[in-house]
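Here's the structure, in structure tokens; my notes come after.
The values are calculated or read from the model by the stated rules, or taken from the named source; none is laboratory data. Here the structure is a predicted model, which is why all the values come from computation and not from measurement. Cβ placement follows ideal geometry from the backbone for every residue including glycine, while neighbour counts extend to all protein chains displayed. Heavy atoms of the whole protein, side chains included, go into the accessibility calculation; ligands, DNA and RNA do not. Shrake-Rupley method; radii C 1.70, N 1.55, O 1.52, S 1.80 Å.
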Amino acid sequence: MPIDPKIYREMGLNDAEYRQIVETLGREPTYTELGMYAVMWSEHCGYKYSRPVLRLFAEYKKAQETGALENAGVVPLGDSGWGVVFKMESHNHPSAVEPTQGAATGVGGILRDIFTMGARPVASLNSLRFGPIEGDGPVAARNRYLFEHVVAGVGGYGNCVGVPTVGGEIYFHPCYNGNPLVNALSVGIVKLDNIASAKASGVGNPVLYVGSATGRDGIHGATFASVELTEESEAKRPNVQVGDPFTEKLLIEATLEALATGHIVGIQDMGAAGLTCGTCEMSAKGGLGMDIDVLQVPRRESGMTPYEVMLSESQERMLAVVARGHEEEVAAVFRKWGLQAAIIGEATDTGRVVVREGDTVAADVPAKSLADDCPTYYLNAEEPEYIHRVQSADFSSLPEPDDYNAVLLRLLASPTIASKRWVWEQYDTMVQTQTEILPGAGDAAVLNLREPSTPGASPRRIAMTTDCNSRFCYLDPFVGAQLSVAEAARNLSCVGATPAAVTDCLNFASPEKPEGFWQFRRAVEGMAAACEALGTPVISGNVSFYNETPDGAIYPTPTVGMLGIFEEGVEPVGLGFQNDGDLIYLLRPDGWEHESGIGGSEYLSLIHGREEGTPPRLALDAERRVQSVVRKAVGARLLRSAHDCSEGGATVALAESCLAGNRGAEVRFAVTDFGDQPWSAILFGEAASRVIVSVRPGADQDALLDLAEDAAIEAVFIGQVKASERFDAAGLLDLPLARLRDDYENAIPRAMGEK
Amino acid sequence: MNSAPPAPPAPPRIGVVVFPGSNCDTDAGNAVEQTLGGEASYLWHADKDLENVDAVIVPGGFSYGDALRAGAIARFAPIMEPVARFTADGGLVLGICNGFQILCEAGLLPGALARNEGLRFVCRQVYLRVENTDTPFTSHYRPGQVLRIPTAHGEGRFTCDDAVYDRLIGENAVVFRYCDADGRSTPEANPNGSRDHIAGIVGGPQRNVLGMMPHPERAACAWLGSEDGVGLFESLGAALLDGKRAAFAAQRAAPAPV
């Protein structure tokens, strides 16, 4: 019986896709089959619009061609035999309608991607973006609600599961009104010999379902993620899954213990598209099929149809293929941890996923057609009209501020720049006792790992950060994305780590609009070029489209998560000034005129209400040299502090180093060092590739200057750390630290009505 | 024939209880091994055997997912029977964070840990004042010493009725109070609203049970930000060694069998 087009359209399939399904099957699909195709061929699972563009990432292209596209990328830790696994994923739409559970399950999902590879999760980070939280009115109130509950969701899940949340970023901007971004990143470590595969293998091997029982939650979650948010989105709350971190903790321990038996031949978590994705992807990767009976699937609700069982996105579940004869031994491990473990079928040589309900066949589909044959589209890209307008803005007639003190205080009190202590104190940042640099203490989070456990022979310190300045990406997606990559690498270099690899979370508007797709393509082009130049390949990631509401689209937000590895013996450096009398230098590319001005800056937006101009210039080679000098200086123990200049420019960076170290500073800028720009640009402009360091006078200072000179990097002397507890800059600013601290520390609590 | 002379005391073996949802168990075990050179022995919640360990740590985490309330289910775990007997016999038991909550729920320490006053989870470095060095857990500290040790909990507000409170004060059972860097207990320095700033108490028949919300295992080496927790593990190790020395001496002094 032909299916009413209304039904498949409702599920997100178009007429041509439906015809392709009929052609593949040689008949009309069953309702269950239709649902399976709809989720697997959604943008969220099938990447039907993004795949052609993602091939710009060299590693992605290679992996796709060799069939090695696993759940998360692996970076070796020197030659220790251990590796770091990390990946970032979005949970934007669920968090927009049900923030606590949306954020919690985002954390849970990305953790499963890590331990399904046999890696123990050692840290989480997240990049969160909301509309403005200050002021009255329903929009700000809703933003506060989303902010508060997303943070509670991240903390509630991460704290219980025993994985420290060590860093990330939080931005506030009206473009995220009604469409917050929740990007969760997780990091794990694994012995390279023990990496688990997501491939089914061995015909006749049993298929083992483990973890939580299946309920009706999250049905069509992946499809929901692939449309724009509307007024009716609130009605999709039942599409949001409910997380249980306690079960996840048990699942981590049980999975790692079960993998250690050596009897699991393939394992994958069941996240988006649940059992459908697990069976089809594992089968397709292994070139096999699977025959399963939904009646064997543990349930937490009665009367579920095969359609519901196959599409449920209940959390904390995994699917494993186990060596025949050892299924009881493996199942016993999960049961010991109080988890469900049920054999639901076996691997076959048919290449088809057959779903039975007892004697009835509910679905019989070629696994590859769902997992690999999702139609891809080469969409039309068109430069949005706003680009020319914003880039040609002229700021020459803008007045200079009357009071630079007031400007600095406003910047420090802007929630995007202000201290995020209110947030990170709700996260357990220290569990596992490996966190060496905590949030707020350095430019990146640093872990001192217990494994690999051969001291002196292997790198054990790693650093992580997430970065994206979406205003820059709005003004110029290509340069903006490059700046995000550069800033991430700079943050890692500031703590002393060598940037190693990238995971990305590409948050964009609808790709079905040519302007949205243009932003996406340009950003990916920029990111790919920057990653190539900085030697940090993109090894995993995720795309989130349709981030728009009836009020408009988000700014393009290609979030960069970057991993850095410390060379053996290098001790990390924080951002706070350490000693009275230390000298403060600004490191930057030599001969750079720094005419970047104030385009795209937080200053321009906050003080003048304009989001225009071009993002700062970026020369990737110069960026690399600046970072190399910083790393060498950290390695040689020359630096007392290092902090990159980002939102709010050099002045905010200096103020942050004062506050973090609880020390004052006396700073003098020579206008001639800054291309005779206006003071606002010198103080608050956001020129790229700049790092503020402090160094002991004498031999350390000389050594630093030598390093800089060798690399053709300019070290501009700008001041001295003082015991004075005052921040005095350029003769234009002079404020007591206590005043800076009050605005910086209390801005978010005040916006939340707590101070 | 005389038996061989008894072997000198070996480094202590410390049992660390593992409940479903414990997540500071290996942190505690590592801290013990690192500070005492002893051996951590992990005790599964479903077992009923302490495997002859010298002392027991009930670690932090979210046992049973904090279902009902923190520690409410863990008190019924099979392992808690031998822990209670061990406590009654004077064995040294240290409950950290969720472990403190469990010991209170099990009735091995008085009082209860309620939801933080601010209703949110709080993870930060706090300062503690050592109120009592006459315990097996604090002998290596100075009276009034100010320690910097992290907390991380959502339910850490120590609460008790007046009778219990009077008894705690009367028996000098308060071991740690929250304070500021200068040792002053103020509302701002109290992260959870605990009664009288109480962060840790001692109980048991021989003051042999310590419960504390802050995490000394997270302050056991300089690069973690503080080494102030080391003294607690060293005190514990010294107390065990004293006990072993006494037993060793008693054994040697005993007349050889004829």
All-but-one check, A:Asp443 against (1) touching a strand residue (DSSP E or B) at 6+ places or on another chain (Cβ under 8 Å); (2) modelled with pLDDT of 95 or more; (3) over 12 Å from A:Pro572 (Cα atoms); (4) in a loop (DSSP other than H, G, I, E, B), failing number (3)
If you check A:Pro452 against the conditions, is it away from chain B (no Cβ under 14 Å), open to solvent by less than 20 Å² (accessible area, probe 1.4 Å) and touching a Phe, Trp or Tyr at 6+ places or on another chain (Cβ under 6 Å)? yes
Segment B:60-71: number of residues that are touching a helix residue (DSSP H, G or I) at 6+ places or on another chain (Cβ under 6 Å), at positive phi and more than 9 Å from chain A (Cβ to nearest Cβ): 1
Complete set of residues in segment A:15-43 that are open to solvent by 40 Å² or more (accessible area, probe 1.4 Å) and in contact with a helix residue (DSSP H, G or I) (Cβ under 8 Å, 6 or more places away or on another chain): A:Asp15, A:Thr24, A:Glu28, A:Tyr31
Segment A:227-264, subset modelled with pLDDT under 70, within 15 Å of A:His91 (Cβ to Cβ) and open to solvent by 20 Å² or more (accessible area, probe 1.4 Å), residue farthest from the other protein chains (Cβ to nearest Cβ): A:Lys236
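Check segment B:36-59 and report whether any residue there is part of a helix (DSSP H, G or I), hydroxyl-bearing (Ser, Thr, Tyr) and in contact (Cβ under 8 Å) with a residue 24 or more places away in the chain.
Scanning segment B:36-59 turns up no residue that is part of a helix (DSSP H, G or I), hydroxyl-bearing (Ser, Thr, Tyr) and in contact (Cβ under 8 Å) with a residue 24 or more places away in the chain.
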Could you tell me which residue of segment A:732-753 is farthest from A:Ala406 (Cα to Cα), considering only residues that are in contact (Cβ under 8 Å) with a residue 40 or more places away in the chain and among the acidic types (Asp, Glu)? A:Glu745
Quick count over segment A:324-349, residues being within 35 Å of the chain's Cα centre (by Cα) and of a type in the set (Gly, Ala, Ser), is 5
Having 2 or more residues that are of a type in the set (S, T, N, Q) is the bar; report the helices (runs of 4 or more DSSP H) wholly within segment A:22-140 that clear it. A:58-66, A:92-97, A:99-115
Considering only residues that are surrounded by 19 or more Cβ atoms within 10 Å (Cβ to Cβ), within 14 Å of chain A (Cβ to nearest Cβ) and not in a helix (DSSP H, G or I), which ones fall in segment B:72-102? B:Ile73, B:Ala77, B:Ile96, B:Cys97
Under the condition of being under 13 Å from the mean Cα position of the chain (by Cα) and more than 8 Å from every other protein chain (Cβ to nearest Cβ), which residue from segment B:213-228 is surrounded by the fewest Cβ atoms within 10 Å (Cβ to Cβ)? B:Pro216
Expected output for segment A:317-338 (first residue within 14 Å of chain B (Cβ to nearest Cβ), partner of a type in the set (Asp, Glu) and part of a helix (DSSP H, G or I), Cβ below 9 Å, 6+ apart or cross-chain) is A:Val333/A:Glu257; A:Phe334/A:Glu257; A:Lys336/A:Glu257; A:Trp337/A:Glu253; A:Trp337/A:Glu257
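Would you point out the residue of segment A:341-392, among those that are of a type in the set (S, T, N, Q) and part of a loop (DSSP other than H, G, I, E, B), that is surrounded by the fewest Cβ atoms within 10 Å (Cβ to Cβ)? Give the steps one after another, and end with the answer.
As a first pass, look at segment A:341-392 and keep what is of a type in the set (S, T, N, Q): A:348, A:350, A:360, A:369, A:376, A:380, A:391-392.
Next, only the ones that are part of a loop (DSSP other than H, G, I, E, B) stay: A:350, A:376, A:380, A:392.
Details: A:Thr350: 16, A:Thr376: 14, A:Asn380: 12, A:Ser392: 10.
That would be A:Ser392.
Going by what's in this entry, would A:Glu593 be described as outside any strand (DSSP E or B), modelled with pLDDT under 95 and out of contact with any strand residue (DSSP E or B) (no Cβ under 7 Å at 6 or more places or on another chain)? Break it down stepwise before answering.
On the way: outside any strand (DSSP E or B): yes; modelled with pLDDT under 95: yes; out of contact with any strand residue (DSSP E or B) (no Cβ under 7 Å at 6 or more places or on another chain): yes.
So A:Glu593 fits the description; yes.
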Is there any pair with a first residue in segment B:112-130 that is among the aromatic types (Phe, Trp, Tyr) and a second that is assigned to a strand (DSSP E or B) whose Cβ atoms are under 9 Å apart and which are 6 or more apart or on different chains, and what are they? B:Phe121/B:Ala152; B:Phe121/B:His153; B:Tyr127/B:Val146; B:Tyr127/B:Leu147; B:Tyr127/B:Arg148; B:Tyr127/B:Ile149; B:Tyr127/B:Tyr178; B:Tyr127/B:Cys179
Condition first: among the aromatic types (Phe, Trp, Tyr) and either without any contact (Cβ under 8 Å) to a residue 12 or more places away in the chain or surrounded by fewer than 23 Cβ atoms within 10 Å (Cβ to Cβ) (or both). Can you find one or more residues in segment A:554-566 that meet it? no
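Select from segment A:119-146 the residues that are buried (at least 24 other Cβ atoms within 10 Å of the Cβ) and either touching a residue at least 40 places away in the same chain (Cβ under 8 Å) or among the acidic types (Asp, Glu) (or both) and list them in ascending order. I'd like the intermediate steps shown before the answer.
The first filter runs over segment A:119-146 and keeps only residues buried (at least 24 other Cβ atoms within 10 Å of the Cβ), leaving A:119, A:121-130, A:143, A:146.
A:Ala119, A:Pro121, A:Val122, A:Ala123, A:Ser124, A:Leu125, A:Asn126, A:Ser127, A:Leu128, A:Arg129, A:Phe130, A:Leu146 - these are the residues of segment A:119-146 that are buried (at least 24 other Cβ atoms within 10 Å of the Cβ) and either touching a residue at least 40 places away in the same chain (Cβ under 8 Å) or among the acidic types (Asp, Glu) (or both).
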Every residue in segment A:419-437 that is more than 7 Å from chain B (Cβ to nearest Cβ) and part of a loop (DSSP other than H, G, I, E, B), please. A:Ser419, A:Lys420, A:Gln434
Within segment B:11-21, the residues that are open to solvent by less than 20 Å² (accessible area, probe 1.4 Å) and either part of a loop (DSSP other than H, G, I, E, B) or more than 14 Å from every other protein chain (Cβ to nearest Cβ) (or both) are B:Pro12, B:Ile14, B:Gly15, B:Val17, B:Phe19, B:Pro20, B:Gly21
Would you mind telling me which numbered condition in (1) at pLDDT below 95; (2) open to solvent by less than 10 Å² (accessible area, probe 1.4 Å) A:Val502 fails? (1)
So A:Pro697 ticks every box in (1) touching a residue at least 12 places away in the same chain (Cβ under 8 Å); (2) in a helix (DSSP H, G or I); (3) surrounded by fewer than 14 Cβ atoms within 10 Å (Cβ to Cβ) but one. Which box is left unticked? (2)
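Checking the condition away from chain B (no Cβ under 14 Å), modelled with pLDDT under 95 and open to solvent by less than 10 Å² (accessible area, probe 1.4 Å), which residue from A:Ala184, A:Ala200 passes? Working first, answer last.
Details: A:Ala184 fails: modelled with pLDDT under 95.
One residue alone meets the criteria, A:Ala200.
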Identity of the residue in segment B:27-59, open to solvent by less than 20 Å² (accessible area, probe 1.4 Å) and at the interface with another protein chain (Cβ under 10 Å from one of its Cβ atoms), that ends up nearest to B:Arg75 (Cα to Cα): B:Ala28
Subset of segment B:103-148, residues away from chain A (no Cβ under 14 Å), open to solvent by 20 Å² or more (accessible area, probe 1.4 Å), assigned to a strand (DSSP E or B) and not aromatic (Phe, Trp, Tyr), comes to B:Ala112, B:Leu113, B:Ala114, B:Arg129, B:Val146
If B:Cys24 satisfies every condition in (1) farther than 26 Å from B:Ser226 by Cβ; (2) within 14 Å of chain A (Cβ to nearest Cβ); (3) crowded, with 16+ Cβ neighbours inside 10 Å but one, which is the exception? (1)
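For segment A:148-167, state whether one or more residues are assigned to a strand (DSSP E or B) and within 30 Å of A:Met290 (Cβ to Cβ). Break it down stepwise before answering.
We begin by selecting, within segment A:148-167, every residue assigned to a strand (DSSP E or B); these are A:165-167.
Checking the rest, the ones that are also within 30 Å of A:Met290 (Cβ to Cβ) come to none.
Checking segment A:148-167: not a single residue is assigned to a strand (DSSP E or B) and within 30 Å of A:Met290 (Cβ to Cβ).
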So which residues in segment A:567-582 are hydrophobic (A, V, I, L, M, F, W, C) and either surrounded by fewer than 24 Cβ atoms within 10 Å (Cβ to Cβ) or more than 25 Å from A:Thr498 (Cβ to Cβ) (or both)? A:Val570
